[in-house]
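The structure appears right after this line, and notes come after that.
The values are calculated or read from the model by the stated rules, or taken from the named source; none is laboratory data. Just so it is clear, the structure is predicted and the values come from calculations on it, not from any experiment. We place every Cβ from the backbone using ideal geometry, glycine too, and count neighbours over all the protein chains shown.
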Amino acid sequence: MNIALYLRVSTDKQTTDSQAFELRAYCQRRGWNDVAEFTDTCSGAKSARDGLDRLMQAVRKGKIDTIVAYKLDRLGRSLSHLAQLVGELTTHHVALVIPAQGIDTSSTNPASQLQLNILMAVAEFERGIIRERVNSGLKAAKARGVRLGRPSTLDQHFPAVRSLLDSGLGVCAISRQLGLPLSSAHKLVKQARLQPE
C-alpha cells in the first residue's frame with residue numbers, strides 16, 4: 001500500500017509537529033511503515049496549495065492508496081472544495097482516513113461505504129446548492145438584458161477575410177495570411193459568401 005500523510009497549518013508561526021506525531025503513531029499501529037508526507041503552510045480556504053497539489057497529482061497517477069489527515073478541515077475548509085476532493089479520491093479508489101474524527105473509507109472498515117455515502121451525499125447537496133445559485137444568477141442576468149457567453153473574436157477579422165476573398169484567395173491562403181485556424185477562416189469565408197456587401 002502507498003500511504004500519504006497530509007499535514008497543514010495556517011501560518012508560519014505554527015508547526016505540523018503535533019499532527020505529524022499523531023499520524024505517524026497511527027500509521028505505525030496499522031503497520032504502515034513506508035509513508036510519504038505532504039505539507040502545506042497556508043489557509044485551508046485556498047484550494048491551490050503546493051503540498052495538496054503534489055498529493056493529488058500522485059493520486060491521479062495511481063501512486064497513493066490511502067490519505068491520512070489529522071482532521072477534515074486540514075484538507076479544506078470549504079465544503080465545495082472538500083466535496084471535489086472526496087469525489088476525486090472515490091474516482092481513483094483512494095481511501096481517506098481521519099483518525100481523530102473516526103473517518104476511514106478503506107475497504108477494511110465495515111462502515112466505510114456508509115461514511116463514503118454520507119460524505120458524497122453532503123458533497124452532492126453542496127453541488128446542488130451551487131448549481132441552483134448559478135442558474136438563478138443566469139436567469140436574473142438574462143432578465144436584465146445581459147448578454148451571456150464569451151464575445152466572438154472572429155468578427156474583427158471579417159472585413160479582412162472579405163477583402164482577401166474578393167481578391168481571389170481561398171480558405172487555406174486566408175487562414176495563413178491572417179494567422180487564423182483553418183476552421184475559423186472557413187467559418188468567416190462561409191459567412192462572407194452568405195452576406196452580400
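Structural remarks
- Residues that are part of a helix (DSSP H, G or I), of a type in the set (S, T, N, Q) and touching a residue at least 40 places away in the same chain (Cβ under 8 Å) within the range 1-27 comprise just one, 19.
- In this structure, residue 173 does not satisfy being more than 30 Å from residue 74 (Cβ to Cβ) and either surrounded by fewer than 14 Cβ atoms within 10 Å (Cβ to Cβ) or among the charged types (D, E, K, R) (or both).
- Considering each residue of the range 137-157 in turn, at least one proves to be modelled with pLDDT of 80 or more, in contact with a Ser or Thr (Cβ under 8 Å, 6 or more places away or on another chain) and not β-branched (Val, Ile, Thr).
- Tabulated pairs, the range 47-69, first in the same structural domain as residue 100 (by TED's automatic domain parsing), second of a type in the set (Asp, Glu) and surrounded by 17 or more Cβ atoms within 10 Å (Cβ to Cβ), C-beta under 8 angstrom, 6+ apart or interchain: 49/40; 50/40; 51/40; 52/40
- Taking (1) touching a His at 6+ places or on another chain (Cβ under 9 Å); (2) surrounded by fewer than 20 Cβ atoms within 10 Å (Cβ to Cβ) in turn, residue 71 satisfies each apart from (1).
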